Structures are given as structure tokens and as C-alpha cells.
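The values are calculated or read from the model by the stated rules, or taken from the named source; none is laboratory data. This one's a predicted model, so the numbers in the text were calculated from it and none came from an experiment. Ideal geometry is used to build each Cβ from the backbone, glycine not excepted, and the neighbour counts take in all protein chains shown.
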Amino acid sequence: MKAFSRYYQAILLVILSALSGFAMIQAAGAEQPSLHVTEGWVRLTPPIAKNGAAYFTLHNSSNKTITVVDVTTKIAETASMHKVEIDRSMARMVHMKELEIAPGEKVPFAPGGNHLMLINLTTTLAENMQVHLHFKLKNGEVIMVNVPVVKNGLDSSEKADEHQHHH
């Protein structure tokens with residue numbers, strides 16, 4: 001009888017070990033994203049506009065560099081990260097193929113500076129409409145955020161209402 005119960009104890013131990021390992025894998029997969037997108041908004045454009053712009057702040061809360069390799073949205077054929085460079089007193093937009101964000105760094109995308117160009121809008125923008133932005137990272141993660149369409153930027157109440165998902 002003792003041999004029989006030790007056999008079941010051994011099987012139970014193996015099952016419990018396997019389950020605890022599975023739980024650790026699940027917990028690791030459910031961790032919070034290390035890239036946070038805050039203060040996001042899309043500028044309201046006239047109905048005939050072909051292009052638009054989105055603004056936000058990217059914050060790397062991890063201890064390693066994060067690289068954004070692409071941003072997509074359904075409201076435009078192309079979403080392209082741009083920075084503004086001054087050359088001989090002339091400002092010009094320069095496409096960023098990817099953006100490296102150092103640990104702890106915050107990178108603002110704001111009017112007159114970094115911005116996300118929304119090229120060939122596929123829908124007419126309306127005030128308070130929610131726009132889904134998908135930030136694709138070099139490590140394969142995708143961070144999805146919903147941002148509102150507004151005329152002149154966010155007020156403090158809108159900044160608190162953002163919603164972010166991690167995949």
C-alpha cells in the first residue's frame with residue numbers, strides 16, 4: 001500500500017510542477033508593456049484633406065532600449081514617423097525608418113517636432129472620433145492605443161482617458 005501511495009505522490013508532484021511552470025509562463029506572457037504611449041491625439045483635418053498627423057509621447061519604462069520599427073492605422077494607407085531638422089534656417093521633415101528609445105527615455109511627438117504623418121487618409125476625420133494606432137517593436141511586440149481626433153491638442157481631462165493594449 002505504501003508503494004502505491006508513493007507512486008501517486010510522485011505523479012502528483014510531477015503534475016503540480018508542470019502546472020506551476022505553466023503558471024509562470026502565463027504570468028511572464030501577461031506582463032505590462034515596457035513602452036507606454038501617452039498624450040495621444042490626431043489633429044482634425046478638413047474633409048478634403050489627404051493627409052493628417054498624430055501626436056503622442058513614447059516612454060520606455062524598461063531597463064533596455066526599445067526600437068519602434070513601424071506604426072500602422074486603418075485611417076490611412078501609410079503612417080510614417082517623421083522628425084523635423086533645421087538646415088540653413090529651413091525646417092524640413094525627415095522620415096524615421098525606426099526609432100530607438102533608451103531606458104527611461106520619453107520621446108515627444110508634438111506639433112513642430114516629431115510627428116506621425118498619416119498619408120492618404122482612408123476616412124474623413126471627425127472630432128472625438130477614436131483612432132487606433134499600432135506600434136510595432138523590433139522584438140515583435142505590438143502596442144495598440146486609441147487616441148481621439150481633436151482640433152487643437154488635448155486638454156488635461158482627455159490626457160487621462162487613453163486606453164492601451166499590449167500584444
Test: residue in the range 83-92 that is modelled with pLDDT under 95 and under 22 Å from HIS132 (Cα atoms): yes
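For the range 63-164, please list each of the strands (runs of 3 or more DSSP E) lying entirely inside it that holds at least 3 residues being farther than 19 Å from GLU39 by Cβ and among the β-branched types (Val, Ile, Thr). Give the steps one after another, and end with the answer.
Values: elements: 66-72, 76-87, 90-95, 99-101, 106-109, 115-121, 130-137, 142-150.
Qualifying strands (runs of 3 or more DSSP E): 66-72.
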Test: residue in the range 68-76 that is farther than 28 Å from THR124 by Cβ and among the basic types (Lys, Arg): no
Qualifying residue in the range 82-95 (condition: within 18 Å of the chain's Cα centre (by Cα) and either exposed (fewer than 12 other Cβ atoms within 10 Å of the Cβ) or closer than 18 Å to VAL42 by Cβ (or both)): yes
